Amino acid sequence: MMNYQEYWNPVLETMPLEKLKVFQFKKFKRILNWAYTHSKFHKALYDTAGLTPDDIRSFDDIKKIPKVEKSMMREIQNKDPFPYGDALCVPLEEVSTFRQTSGTTGQPVYQPDTWQDWEWWSECWSFILWAQGYRPKDRVFIPFGYNIFVAFWAGHYAAEKLGCEVVPGGVLDTQSRILKIKELNATAMMATPTYVLRMADVAKNKMGIEPSELSINKITCAGEPGASIPSTKKRMEDAWGAKVYDHSGATEIGAWSYECRNQRCGMHVNEAMFLVEIEDIDTGEIIEEAGRKGKMVITALDRVAQPCIRFDSKDVIEWDSEPCSCGRTFRLIKGGVIGRADDITKVKGVLLSPAAIEEVVRSINGLGDEFEVIVDKQGDVDRIKLKVELMPDVTKLSVENFLKDQLRLKTNLGYLIEYYDYGSLPRYEVKAKRFKDLRKKF
Amino acid sequence: MENFSNLNGVNDKILKIKQLLLELETEAKRFPALSRNAKRALASIKMLELNISDIVTFDLTDGGA
């Protein structure tokens, strides 16, 4: 018998797939029509393609709608109204919040939201947190710098909506945050995987506090794929003695997927609020079947100020073949977001995903959490340099062969490995920059 | 609500609240504390519409589609 208390919306989350598809199609038509009639950018985009919303008559027609690239959003910002440009669908005075992308892949994109959009953001996060077991009894500590980046803002508001008590860990330093968690017996936390590990390291090695003896019992991660990488998830769970859950979202999209309490090593797509299509990276064909990787094209079905319709996210994902035993009909993406189409690069003719290297490094106990991957050229030949840290009292000899074998097994590539003392590689507070491809400079 | 069979009834209540808030918002343009709070409440009502009313409007309750 289904336990309906497990679901934020028991009707939508268990809706049969066929009905869900009808639901998505009707919502897609609604947001498409809204954008066409309220945004100069979207009208021009669809007019140029010779399409109007009326031409979209079936689910299969959706793929006719032109995709939106991030570079297009950057160009839009040069137009009126300042600072957002002509994809804006509401009068400027209706915009109540500004956020921007981090600019990891270029010039930041500005994101306007109305108050309704902001309610929608926290509604999306409510699906996530409820599925991960957040309840009104929880005291949730949020150790991030509340600023122009969306990060955990909506998680904060969603936790409040659920009835949790929220402790904003804003500008406190890492040690103060750990002390605050201890002082208040916080039960849950939200942070990037990099910072979850960093906090554990500081607690243990600088403060003499064993993080697993603190009261945190669940952690929600975002911003990096680590919580879906088994060895990184295990490190975090072991360090904190807590369940670690992944979720995925983006400033210009919203919070679109989440891991549930079953931890199936995959994330449910919130198919009531988003339409996810997976596209073959080379051919552009839409992939319906499980087990084939492609890049995500996504539509936020209810976001109004600056709609997100068929956005080419470049996130690489694949559908899982099995449904989740949690009872949700929202489909799973296997292993979460596997990487980004522009990160997954060819080295010596072989596709290399930085996540695969992370999985190997973090699976070896004798190595520290931090590492760096640098791809460059030696003459005409690609070279991958991997920098790792040895844990105290661990020798290079004891890990070297195993590390090389695992890397060869998981990535089909050979590496020049450099070993460093524990604590000597750079530490990151939010998102880490561990992968550098220097070949573009040659 | 136990077996979620009365979504139509729930939707009726949502629409009634929405109508009342829309009236408050328009009637009280010179009373910011009333109009702005009504507008803010309408954004929350929209979340009820996304969770419930859309299912009813799109005819996807147990008897629909």
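The values are calculated or read from the model by the stated rules, or taken from the named source; none is laboratory data. It should be emphasised that the depicted structure is a prediction, and the values quoted were computed from it without experimental measurement. Glycine also receives a Cβ, built like all others from the backbone with ideal geometry; neighbour counts cover every protein chain displayed. All accessible areas refer to the heavy atoms of the entire protein, side chains included, with ligands and DNA or RNA removed. Shrake-Rupley method; radii C 1.70, N 1.55, O 1.52, S 1.80 Å.
Some points to look at:
- The protein assembly as shown, Rg to Rh (Cα coordinates; Rh as Kirkwood inverse mean 1/r): 0.97
- Cβ charges +1 (Lys, Arg) and -1 (Asp, Glu), total dipole of segment A:29-150, debye: 400 debye
- For the residue pairs A:Lys64/B:Lys18; A:Lys27/A:Lys234; A:Lys21/A:Lys64, the C-alpha atoms sit more than 27 angstrom apart in A:Lys64/B:Lys18; A:Lys27/A:Lys234.
- Sites B:Asn6 and B:Arg36, calculated FRET efficiency, Cβ-Cβ separation with R0 45 Å, nearest 0.05: 0.85
- Charges were assigned to the Cβ only: +1 to each Lys and Arg, -1 to each Asp and Glu. The resulting dipole of segment A:333-439 about its Cα centre is roughly 400 debye.
- Alpha-carbon Rg with Dmax, taken over segment A:112-254, Å: 14.3, 45
- For chain A, the Cβ-based charge dipole about the Cα centre amounts to some 460 debye (Lys, Arg positive; Asp, Glu negative; other atoms uncharged).
- Exposure check, 1.4 Å probe, all protein chains in place: A:Ser212 carries approximately 50 Å² of accessible surface.
- Amide hydrogen proximity for A:Leu367: with H placed 1.01 Å from N in the peptide plane, the residues at 5 or more positions away or on another chain lying under 5 Å are A:Met391.
- Area accessible to solvent at A:Thr345, 1.4 Å probe radius, in Å²: 30 Å²
- Legend: residue pairs A:Lys182/A:Lys334; A:Lys67/A:Lys348; A:Lys137/A:Lys204; A:Lys243/A:Lys334, Cα-Cα distance threshold 29 Å; pairs beyond threshold, A:Lys182/A:Lys334; A:Lys67/A:Lys348.
- Under 21 Å from the Cα of A:Lys396 - lysines, other chains or at least 8 residues apart: A:Lys385, A:Lys387, A:Lys404, A:Lys410
- Residues of type aspartates and glutamates that B:Lys13 reaches as a straight line, Cα spacing below 12 Å, ignoring anything fewer than 8 places off in the same chain: B:Glu49
- 3J(HN,Hα) along segment B:5-19, derived from phi through the Karplus expression 6.51 cos²θ - 1.76 cosθ + 1.60 where θ = phi - 60°, amounts to 8, 10, 5, 4, x, 5, 4, 4, 5, 4, 5, 5, 4, 4, 4 Hz, with x in place of Gly and Pro.
- 3J(HN,Hα) from dihedral phi, segment A:239-245, Karplus parametrisation 6.51/-1.76/1.60, rounded to Hz, x for glycine, proline: 5, 9, x, 9, 6, 10, 10
- Extension gain, A:Thr37 back to A:Val171 (0.36 nm per residue minus Cα-Cα distance, nm): 44.0 nm
- Protein-only accessible surface order, largest first, of A:Met72, A:Met273 at 1.4 Å: A:Met72, A:Met273
- Burial ranking of peptide ranges A:302-315, A:129-142 (average Cβ count within 10 Å, highest at the top): A:302-315, A:129-142
- Heavy-atom accessible area, probed at 1.4 angstrom with all protein chains present, ranks A:Cys265, A:Cys260 as A:Cys265, A:Cys260, highest first.
- Using the Cβ-Cβ distance between A:Lys377 and A:Asn262 with R0 set to 56 Å, the FRET efficiency from 1/(1 + (r/R0)^6) comes to roughly 0.80.
- Straight-line reach from A:Lys43: taking Cα to Cα under 14 Å and skipping same-chain neighbours fewer than 8 places apart, the aspartates and glutamates in range are A:Asp54, A:Asp55, A:Asp86.
- Rounded to whole numbers, the Karplus 3J(HN,Hα) couplings from phi for segment A:209-226 are 10, 7, x, 5, 8, 6, 8, 5, 10, 8, 9, 9, 9, 7, x, 9, x, x Hz, using 6.51 cos²θ - 1.76 cosθ + 1.60 with θ = phi - 60°, and x at Gly and Pro.
- In the context of the full protein assembly, A:Tyr420 retains an accessible surface of approximately 70 Å², using a probe radius of 1.4 Å and ignoring ligands and nucleic acids.
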